[in-house]
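The values are calculated or read from the model by the stated rules, or taken from the named source; none is laboratory data. From a predicted model like this one, the values you see are computed outputs, not experimental measurements. Reconstructed Cβ throughout: ideal geometry from the backbone, glycine too, with neighbour counts over all protein chains shown.
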Amino acid sequence: MRRRRVVVTGGAGFVGSHLCERMLDLGFEVLCIDSFLTGRRRNIRHLTGRPGFRVTVQDVADPVEVDGPVHAVLHLASPASPVDYLRYPVETLKAGALGTLNLLELAEAKGARFLLASTSETYGDPLVHPQPESYWGNVNPVGPRSVYDEAKRFAEAATSAFHANRGVDTRIIRIFNTFGPRMRANDGRVIPTFIHQALAGRPLTVAGDGSQTRSVCYVDDLVDGIVAMLHADHPGPVNLGNPRELTVLEIAALIRELTGSGSSVTFVDRPVDDPSHRRPDISLAKDLLGWEPQVGLEDGLLRTIAWFRRRAGSTAAVVIP
Ligand code: NAD
Ligand code: UDP
């Protein structure tokens, strides 16, 4: 019997590549659709020989056609780091708006389940702490981050409408800050940036006074949550994140300690509308999915640091003849 097939958009990105790998491990065929805007071929190179794995290079803002049956559409395609979405503002709006509509239509045509990778950014700079799914958020609709936040809010609205009015079997997850191997050293997000700086012996660039907080989740835990949500009988939205909250200064100190780096800290301007606190309320995920993060912060950081060290080594090996 043919294995069931899932479509993973953004499958060559950080989270998407881990998800493609997991779905293959679970016995699914995987069609990865990616434009390589912020993703990298090397993220999926190790999957290309595996039976049932295919890659299509396409922008999901253009109509998406797929031959044959599809069991589920997992829509992750979108720039995700602030540096990336500020560099690609219109592309980000299109991925969240046109891309989501195109993939909902694909799911409808195939009778497939649809899962939207939404974000804690839908809460904006939250006035409620920690953030439950019932909180509607505090987003500046005309600020620089709105291209991402509002695109994802539109994507949630579109997903909800296809669920309510077009009978599509949908899921929405709101992902909180996640880290791990395969993040780009230059994607601008705090953990890869600090690890890269610490390993290079350069100062860690702390934005503002570093008192703002984030709650960071290791990627394997997130993928566990995505798979659980895909198989759950609930449309969501459901928060997926690790409630352990740290200030940015605490993240910097921990990375310096775990890398054994002598790097100093330098203070740089805080991005406009940078949220000051963020922590998921994961009660719903616990009740509904029996899910909560398993990988400790230090353990996840050590795994990520080891990956960055290996990559630096292999890059050096290529550069030095
Ligand atoms: P990423 O930038 O590493 O991956 C995004 C992938 O989408 C890339 O491979 C990129 O090339 C692809 N892509 C972008 N626009 C596209 C388009 N129009 N058509 C086809 N492919 C396109 O980012 P990530 O961290 O892996 O994030 C993946 C998803 O998870 C995103 O939807 C993001 O909003 C969501 N998310 C991630 C986090 C996190 O902390 N990593 C937090 C919240 C939400
Ligand atoms: N940040 C920082 N230095 C950096 C990159 C980010 O201090 O080099 C801060 C950023 O201002 C924010 C936090 O770290 O307060 C998390 O930023 P990130 O871009 O990782 O994620 P997001 O803002 O989307 O939560």
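Quick check on the stretch 243-260: of everything there that is part of a helix (DSSP H, G or I) and among the β-branched types (Val, Ile, Thr), which residue is nearest to Asp209 (Cα to Cα)?
Ranking the qualifying residues of the stretch 243-260, first place goes to Val248.
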Would you confirm whether any residue within the stretch 183-190 is closer than 19 Å to Arg310 by Cα, at pLDDT 95 or above, surrounded by 22 or more Cβ atoms within 10 Å (Cβ to Cβ) and within 11 Å of ligand 1 (Cβ to nearest atom)? yes
Residues of the stretch 1-28 being charged (D, E, K, R), out of contact with any helix residue (DSSP H, G or I) (no Cβ under 8 Å at 6 or more places or on another chain) and surrounded by fewer than 20 Cβ atoms within 10 Å (Cβ to Cβ), in sequence order, are Arg2, Arg3, Arg4, Asp25
Would you mind stating whether Val142 is away from ligand 1 (no atom under 16 Å from the Cβ), among the hydrophobic types (A, V, I, L, M, F, W, C), in contact with a Ser or Thr (Cβ under 9 Å, 6 or more places away or on another chain) and in a loop (DSSP other than H, G, I, E, B)? no
May I ask you to verify whether Gly49 is at pLDDT below 95 and either closer than 22 Å to Phe308 by Cβ or more than 16 Å from ligand 2 (Cβ to nearest atom) (or both)? yes
When you check Ser211 against the structure, is it at pLDDT 95 or above, within 16 Å of ligand 2 (Cβ to nearest atom) and over 27 Å from Arg41 (Cβ atoms), yes or no? yes
Conditions: (1) among the small types (Gly, Ala, Ser); (2) surrounded by fewer than 20 Cβ atoms within 10 Å (Cβ to Cβ); (3) closer than 27 Å to Phe28 by Cα; (4) in contact with a Leu (Cβ under 7 Å, 6 or more places away or on another chain). Ser263 meets all but one. Number of the miss? (3)
Has the stretch 228-239 got at least one residue that is β-branched (Val, Ile, Thr) and in a strand (DSSP E or B)? yes
What are the residues in the stretch 293-315 that are acidic (Asp, Glu) and in contact (Cβ under 8 Å) with a residue 60 or more places away in the chain, if any? Asp299
Starting from the stretch 244-257, take each residue that is within 16 Å of Arg270 (Cα to Cα) and charged (D, E, K, R) and list its partners that are within 16 Å of ligand 1 (Cβ to nearest atom) and not in a helix (DSSP H, G or I), counting only C-beta distances under 6 angstrom and pairs at least six apart or across chains. none
Take Arg202 and decide whether it is under 24 Å from Ala306 (Cβ atoms) and not aromatic (Phe, Trp, Tyr). yes
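Yes/no per residue for (1) within 11 Å of ligand 1 (Cβ to nearest atom); (2) acidic (Asp, Glu); (3) in contact with a strand residue (DSSP E or B) (Cβ under 6 Å, 6 or more places away or on another chain); (4) closer than 23 Å to Val216 by Cβ:
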| residue | (1), (2), (3), (4) |
| --- | --- |
| Arg50 | no, no, no, no |
| Pro63 | no, no, no, no |
| Gly68 | no, no, no, no |
| Ala80 | yes, no, no, yes |
| Val90 | yes, no, no, no |
| Ala95 | yes, no, no, no |
| Gly111 | no, no, no, no |
| Ser118 | yes, no, yes, yes |
Are any residues in the stretch 164-179 buried (at least 24 other Cβ atoms within 10 Å of the Cβ) and part of a loop (DSSP other than H, G, I, E, B), and if so, which ones? Phe176
Taking interchain pairs and intrachain pairs at least six residues apart, which have beta carbon atoms under 9 angstrom, with the first residue in the stretch 266-290 and within 12 Å of ligand 2 (Cβ to nearest atom) and among the acidic types (Asp, Glu) and the second at pLDDT below 95 and part of a loop (DSSP other than H, G, I, E, B)? none
When the residues of the stretch 237-253 are filtered to those that are more than 11 Å from ligand 2 (Cβ to nearest atom) and of a type in the set (A, V, I, L, M, F, W, C), which remaining residue is farthest from the chain's Cα centre (by Cα)? Ala253
Out of the residues in the stretch 145-163 meeting the condition of being of a type in the set (S, T, N, Q) and surrounded by fewer than 23 Cβ atoms within 10 Å (Cβ to Cβ), tell me which one is farthest from ligand 1 (Cβ to nearest atom). Ser160
Taking the stretch 120-129 on its own, how many of its residues are away from ligand 1 (no atom under 14 Å from the Cβ) and of a type in the set (Ser, Thr, Tyr)? 0
